[in-house]
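**Q** Just dropping this structure here.
The values are calculated or read from the model by the stated rules, or taken from the named source; none is laboratory data. All figures in this text were calculated on a predicted structure; none of them were measured in a lab. Every residue, glycine as well, gets a Cβ built from its backbone with ideal geometry; the counts of neighbours run over all protein chains shown. Protein only, heavy atoms only, side chains kept; ligands, DNA and RNA dropped before computing areas. Shrake-Rupley method; radii C 1.70, N 1.55, O 1.52, S 1.80 Å.
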Amino acid sequence: LERGWHAYQAGDVAEALSAYREAVAAAPDDASLWYDLGCLYALREEPGNARTALEHALTLDVRLAAAHDALGQLDELDGQTRQAQARYEQARQLEPENPKFLRHLIRVWLALDRLEEARAGLRQLLAIVPDDLEARYQLGILELRANAPDLAAVNFSRVVQSQPGHVMAWNGLGLAQARLGRYEEARQSLERARQLAPD
């Protein structure tokens, strides 16, 4: 394991894979080792082997949330969005406070045009990780689409305070302010966006 870890840290995935194969041969009932092996196969762009290893990890420990999540990512890459959603939901059920699983689930909801679920998910994510500016920007967009410009403006404002070069957040803020009738503020926000991206 130490050899495999050092190889992975050095970017030598082939050597890491060789070491982890030896590890699972020595400890074939360790679900976490099969999970690590599956992730290494995925890095090597061997999805079939990755899926086999991850599924084996789950036969050893069905509560291994990270393996459900990793299989969801493989499903997403295969275009199996609904199956990926089920995997992410399972991972999140097992570890509800893990922000990574919720991010993946939100991504799938957006792909499936399930905007209300994505909106609620983004609010939950920001309750866990309030400084996630990308999540805050995405929530601003969904609040605009849900005809809640006041909430959208709050989220876009938080983004531009932390990232004053975020042109799309300035643009969103301007749109939200215009819908609220705050036209001079809207003009200033949109002018800022134009200065950042004149084309």
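**Q** Has the stretch 52-61 got at least one residue that is outside any helix (DSSP H, G or I) and within 14 Å of the chain's Cα centre (by Cα)?
**A** Among the residues of the stretch 52-61, not one is outside any helix (DSSP H, G or I) and within 14 Å of the chain's Cα centre (by Cα), which makes the answer no.
**Q** To continue, here is another question. Consider only pairs whose beta carbons are under 8 Å apart and that are at least six residues apart or on different chains; among these, list those whose first residue lies in the stretch 26-47 and is under 14 Å from residue 8 (Cβ atoms) and whose second residue is assigned to a loop (DSSP other than H, G, I, E, B) and open to solvent by less than 50 Å² (accessible area, probe 1.4 Å).
**A** Listed by first residue and then by second, the contacts come to 33/27; 35/64.
**Q** Going through the stretch 93-110 one residue at a time, which ones are open to solvent by 50 Å² or more (accessible area, probe 1.4 Å) and at pLDDT 95 or above?
**A** 93, 95, 100, 103, 107, 110
**Q** Across the stretch 141-176, which residue is modelled with the highest pLDDT among those that are surrounded by fewer than 19 Cβ atoms within 10 Å (Cβ to Cβ) and among the charged types (D, E, K, R)?
**A** 150
**Q** Working carefully through the options 87, 92, 119, find the one that is over 30 Å from residue 178 (Cβ atoms) and touching an Asp or Glu at 6+ places or on another chain (Cβ under 8 Å).
**A** Checking each option against the conditions leaves just 87.
**Q** If you take the residues of the stretch 111-136 that are among the aliphatic types (A, V, I, L, M) and open to solvent by 70 Å² or more (accessible area, probe 1.4 Å), which of them is farthest from residue 92 (Cα to Cα)? Before you say what the answer is, go through the steps one by one.
**A** If we filter the stretch 111-136 for residues that are among the aliphatic types (A, V, I, L, M), which is where we start, we get 111-112, 115, 118, 120, 122, 125-129, 133, 135.
Narrowing further to those that are open to solvent by 70 Å² or more (accessible area, probe 1.4 Å): 111, 127.
On the way: 111: 18, 127: 15 Å.
Restricting to residues being among the aliphatic types (A, V, I, L, M) and open to solvent by 70 Å² or more (accessible area, probe 1.4 Å), the top hit is 111.
**Q** Further question: Among the residues of the stretch 66-80, write down those that are farther than 12 Å from residue 105 by Cβ and either in a helix (DSSP H, G or I) or aliphatic (A, V, I, L, M) (or both).
**A** Within the stretch 66-80, 66, 67, 70, 71, 74, 75, 77 qualify.
**Q** Of 140, 174, 181, which residue is farther than 21 Å from residue 68 by Cα, of a type in the set (Gly, Ala, Ser) and not in a helix (DSSP H, G or I)?
**A** Details: 140 fails: not in a helix (DSSP H, G or I); 174 fails: not in a helix (DSSP H, G or I).
After ruling out the rest, the residue left standing is 181.
**Q** Right, next: Can you tell me which residue among 86, 16, 42, 27 is out of contact with any Cys (no Cβ under 8 Å at 6 or more places or on another chain), of a type in the set (A, V, I, L, M), over 26 Å from residue 110 (Cβ atoms) and open to solvent by 20 Å² or more (accessible area, probe 1.4 Å)?
**A** So the residue among 86, 16, 42, 27 that is out of contact with any Cys (no Cβ under 8 Å at 6 or more places or on another chain), of a type in the set (A, V, I, L, M), over 26 Å from residue 110 (Cβ atoms) and open to solvent by 20 Å² or more (accessible area, probe 1.4 Å) is 27.
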